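The values are calculated or read from the model by the stated rules, or taken from the named source; none is laboratory data. Just so it is clear, the structure is predicted and the values come from calculations on it, not from any experiment. Please note: Cβ atoms are built from the backbone with ideal geometry, for glycine as well, and neighbour counts cover all protein chains shown.
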There are 2 protein chains.
Amino acid sequence: MTPLDALPVRYADIQAAAARIRPYVHRTPVLHSTQLDALLGAELHFKCENFQRIGAFKARGAHNAVFALDDEDVRRGVATHSSGNHAAALSLAARNRGVPAWIVMPSNAPQAKIESVRRLGGRIQFCEPTLQAREAMAAELVAREGARLVHPHDDLLVIAGQGTATAELIEDVPGLDAIVAPVGGGGLMAGTAVAARALRPDIRIIATEPAAADDAYRSWRQGRRLRDGSPDTIADGLRTTLGAHGFTIMQALLDDFATASESAIVEAMRRIWQILKIVVEPSSAVALAALLENRERLNLQGARIGVILTGGNVDLDRLPW
Amino acid sequence: MTPLDALPVRYADIQAAAARIRPYVHRTPVLHSTQLDALLGAELHFKCENFQRIGAFKARGAHNAVFALDDEDVRRGVATHSSGNHAAALSLAARNRGVPAWIVMPSNAPQAKIESVRRLGGRIQFCEPTLQAREAMAAELVAREGARLVHPHDDLLVIAGQGTATAELIEDVPGLDAIVAPVGGGGLMAGTAVAARALRPDIRIIATEPAAADDAYRSWRQGRRLRDGSPDTIADGLRTTLGAHGFTIMQALLDDFATASESAIVEAMRRIWQILKIVVEPSSAVALAALLENRERLNLQGARIGVILTGGNVDLDRLPW
C-alpha cells in the first residue's frame, strides 16, 4: 500500500485547509437516529453538510482553493464551469475574498441554479450545453480575464478542503470503525480517505456510487481510470466522471466499494427526510442506500459508521416520490 | 398583571420537569440563517423540536406527566384520545416507564399515525370519528383499565414539560428580545410564556395562530375563552380548541398575538425547508409566517427573536406545494 505521505494530498494539507477556511464555513452537526441504526444493524453517525454554507460540502474546497492563492494570483478572479454546488461555492468564496467569480453555465441550466449563483455575486457566462463548449469558454475566460480556474474536484486544494469534513466528524464521534462517502469526481472521497486514514489508521474506508453511474467503481476494480459512459442517475451531484487525483488517492486508500440502485437511493433519501427530519439531495442518500443494499457482503454488523451527507440543494417541486 | 407565582404553572414546575425528562428527551439544536434574517429584518433563532423524540415537542409534556405519577398511580397505564403527535409521545413515555398506553383514535385516522403509535407500543382503541365518541371511549378506558388520562394540552404537568424547550433556548441564545410560538390547545404557548417571563422578565411574548383557526386570538382579545367554529387549516397540529389552563396563563403573560394566512404558512414552511434544510410540519411554520405577515405592526426590526419549531411529522406524499 502507498504510504500516506507519498500521496498528492497529505493530512497536513487538510489541517492547513481547516485553519484557512474556518472563518468562512460552518462546523456542521452530526446526527444520529436509533431508528436508522435498527434498520442497518449498525451505528450510523451522519455528518450534515446539507447545513453547510451554500447547502453543500463544496463550500469547503472552494474556500480552500480561493484563500490559498496569493493576492496577486487571485486579483483578477476565479473561474469554473460547474453548474452545480461548486458554482455557488466558488461564487461565495470569491465574494468573501473580494474578487470576481466567473461561472460558465450551459444555456439550459435550471433557473434555481442560475439565481443561486447570481445571489452570491457570481458572473455567469452562458454557453452551449456541451462539455466541449463549457471547457472552451472557461479557457477563454481564463485567457481574457486572467481568472484562475478552480476545478470542481480535480484540484489538490479542493480535495484537501473537502477532507476537513471527515476530520471534524472523527473529532466529534470517537471510535469510528468505518467511514462512508459517495463518489462523483472523487474530490470528496479522496479528501475523506486521507483524513480518515491519517486520524484512524485502522478505519475501513468505503466508497459508494450509484450503480447507474459506476465509473469510479469499475475504475477501482480494474485499476485504471475509465471515463466511458454518460451516467444517468437521480443523484445529480455524482454524474461527473472520475478525476485523476481522486483516482490516485482512492486507489491507494479505499478498503471497499459499494453501489446502490436508483430505487434504493430514492428510498434512502426518503428515510433520511422522514426519520432525521432533514432535507438532503439524492447524492447524499447514496451512501446509506449502498450500505443497506450491500449489508451482508460489507459485514458491518454492530460497527460504528460515519457517513457524509453531502448536500441539501433539491428542487422541492420535483421530489422523486 | 398577574404575578408569575399566582399562575397555575410556575417556573419551578418547569425546572422540575427539565430534571425529570432529561434522560428521555433530546436537548434539541438551535438553527440560525442569515438568509432568513434578511427576509424579516431581524435575527431569528429556531429551536428545532422537529428533531425531538417522536419528531415533536410533545415528547416533553408527555414524559413529564407520565414520570411525575407515583408508581401506584401509573401502574395500570395512561390513556389519551389524541390522534396526533401527543399519541406517539404518550406511547413512548409509557414504554419508557414500562406501563401500557391506551390511545383512542378515530376509525379514519391516517395509516401513518396508526403505525407510528403501534411502533411505540401504544394500544389503539378505534372509535367513531367524533369528539364525543373519542371522549366517551377514553372515559370508558379510564374506568375499565384504571388508566390515568393525560390530556394533550389542558394538563399542568404537560404545560410545564412543554416549557422546557424555551428554557433551553434562552440558555443557548443570550439576549433574546422576543419569543414566538404557535397556539393550538395552548399547552406549548403557556409553558413557553412562563419560562420566558421567569428567565427574561422584559422579553416580548408573542403568540401566533393560523387566521383560519384563530379561536385563541379572538379569546385573547375578548378576554373570554371561545370554543366556537370548526377550524380548517393546513396546520393540522393547531386545529384544537383552546384549553382552560392555557387560556389563563396566556391571558396573564402574552404581550402580543399575530395570525397568519394559509398561503403565508405554506410559503414559510417551504422557506424553512429550502433555507434551513430541515423537514418541519405546517404548524411549525405558523410563527415565521405570522412574523412576516405582521412585520410592520409588530415592529421587531433588528430584534433577536426565538422561534419554537414544533415538529416535523409530515406526509412526504402530500406536500402543500
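With respect to the conditions (1) closer than 30 Å to B:Val30 by Cα; (2) in the same structural domain as A:Leu254 (by TED's automatic domain parsing), A:Asp13 falls short on a single one, namely (1).
Of all residue pairs spaced 6 or more apart or on separate chains, those with beta-carbon atoms under 9 Å, a first member in segment A:25-51 that is basic (Lys, Arg) and a second member that is surrounded by 13 or more Cβ atoms within 10 Å (Cβ to Cβ) and in a helix (DSSP H, G or I) are A:Arg27/A:Glu168; A:Arg27/A:Asp172; A:Lys47/A:Ala165; A:Lys47/A:Thr166; A:Lys47/A:Glu168; A:Lys47/A:Leu169; A:Lys47/A:Asp172.
Filter segment B:106-118 for residues that are touching a Ser or Thr at 6+ places or on another chain (Cβ under 7 Å) and part of a helix (DSSP H, G or I); which is surrounded by the fewest Cβ atoms within 10 Å (Cβ to Cβ)?
Looking only at segment B:106-118, we keep the residues that are touching a Ser or Thr at 6+ places or on another chain (Cβ under 7 Å), and these are B:106, B:109, B:113, B:117.
The next check asks that each one be part of a helix (DSSP H, G or I); those that pass are B:113, B:117.
Values: B:Lys113: 20, B:Val117: 25.
Within segment B:106-118, the match that is surrounded by the fewest Cβ atoms within 10 Å (Cβ to Cβ) is B:Lys113.
Looking across segment B:234-267 at every residue that is more than 25 Å from A:Asp315 (Cα to Cα) and of a type in the set (Ser, Thr, Tyr), the one that is nearest to the other protein chains (Cβ to nearest Cβ) is identified as B:Thr240.
Among the residues of segment A:46-105, those that are within 19 Å of the chain's Cα centre (by Cα) and in a loop (DSSP other than H, G, I, E, B) comprise A:Gln52, A:Phe57, A:His81, A:Ser82, A:Ser83, A:Gly84.
So for segment A:178-189 (the condition being within 30 Å of A:Glu262 (Cβ to Cβ), surrounded by fewer than 24 Cβ atoms within 10 Å (Cβ to Cβ) and modelled with pLDDT of 95 or more), does at least one residue qualify? Walk me through how you get there before you give the answer.
From segment A:178-189, those within 30 Å of A:Glu262 (Cβ to Cβ) are A:178-189; that's our starting set.
Checking which are surrounded by fewer than 24 Cβ atoms within 10 Å (Cβ to Cβ) leaves us with A:178.
Right, trim to modelled with pLDDT of 95 or more and you get A:178.
Yes, some residue in segment A:178-189 is within 30 Å of A:Glu262 (Cβ to Cβ), surrounded by fewer than 24 Cβ atoms within 10 Å (Cβ to Cβ) and modelled with pLDDT of 95 or more.
State all residues of segment B:268-293 that are among the basic types (Lys, Arg), surrounded by fewer than 21 Cβ atoms within 10 Å (Cβ to Cβ) and facing another protein chain (nearest Cβ under 9 Å); if no residue qualifies, say none.
Step one: list which residues in segment B:268-293 are among the basic types (Lys, Arg), which gives B:270-271, B:277.
Retained after the next criterion (residues that are surrounded by fewer than 21 Cβ atoms within 10 Å (Cβ to Cβ)): B:270-271.
Within segment B:268-293, just B:Arg270 meets the criteria.
Residues in segment B:13-42 that are farther than 15 Å from B:Ala65 by Cα, out of contact with any helix residue (DSSP H, G or I) (no Cβ under 8 Å at 6 or more places or on another chain) and in a helix (DSSP H, G or I): B:Thr34, B:Asp37, B:Ala38.
For B:Ala235, indicate whether it is at pLDDT 95 or above, closer than 22 Å to B:Phe51 by Cα and not assigned by TED's automatic domain parsing to the domain that holds B:Gly84. Criteria not met by B:Ala235. The listed residues are A:Lys58, A:Lys47, and the only one of them that is over 21 Å from A:Leu141 (Cα atoms), more than 14 Å from chain B (Cβ to nearest Cβ) and surrounded by 17 or more Cβ atoms within 10 Å (Cβ to Cβ) turns out to be A:Lys58.
Only one of the numbered conditions (1) touching a Phe, Trp or Tyr at 6+ places or on another chain (Cβ under 7 Å); (2) at positive phi; (3) assigned by TED's automatic domain parsing to the domain that holds B:Met269 is violated by B:Leu31, and that is (2). Scanning segment A:119-134 for residues that are surrounded by 14 or more Cβ atoms within 10 Å (Cβ to Cβ) and not small (Gly, Ala, Ser) yields A:Leu120, A:Arg123, A:Ile124, A:Gln125, A:Phe126, A:Cys127, A:Arg134. Counting only residues that are surrounded by 17 or more Cβ atoms within 10 Å (Cβ to Cβ), facing another protein chain (nearest Cβ under 10 Å) and not hydrophobic (A, V, I, L, M, F, W, C), segment B:26-44 holds 1 of them. Any residue at all in segment A:294-305 that's away from chain B (no Cβ under 14 Å), under 27 Å from A:Ala88 (Cβ atoms) and under 21 Å from the mean Cα position of the chain (by Cα)? No, segment A:294-305 contains no residue that is away from chain B (no Cβ under 14 Å), under 27 Å from A:Ala88 (Cβ atoms) and under 21 Å from the mean Cα position of the chain (by Cα). Consider only pairs whose beta carbons are under 6 Å apart and that are at least six residues apart or on different chains; among these, list those whose first residue lies in segment B:279-301 and is assigned by TED's automatic domain parsing to the domain that holds B:Gly237 and whose second residue is outside any helix (DSSP H, G or I) and charged (D, E, K, R). Sorted first by the residue in segment B:279-301, then by its partner, the pairs are B:Val279/A:Lys277. In the condition set (1) aliphatic (A, V, I, L, M); (2) assigned by TED's automatic domain parsing to the domain that holds B:Ala165; (3) at pLDDT below 95, B:Leu254 is compliant with all but (3).
When segment A:111-146 is filtered for residues that are farther than 13 Å from A:Ser91 by Cα, touching a Leu at 6+ places or on another chain (Cβ under 9 Å) and in contact (Cβ under 8 Å) with a residue 40 or more places away in the chain, the ones remaining, listed by number, are A:Ala138, A:Leu141, A:Val142. Has segment A:65-84 got any residue that is within 14 Å of chain B (Cβ to nearest Cβ) and buried (at least 18 other Cβ atoms within 10 Å of the Cβ)? The answer is no, given that none of the residues of segment A:65-84 is within 14 Å of chain B (Cβ to nearest Cβ) and buried (at least 18 other Cβ atoms within 10 Å of the Cβ).
For segment B:233-283, filtering for residues that are in a helix (DSSP H, G or I), over 19 Å from A:Ala112 (Cβ atoms) and of a type in the set (Lys, Arg) leaves 0.
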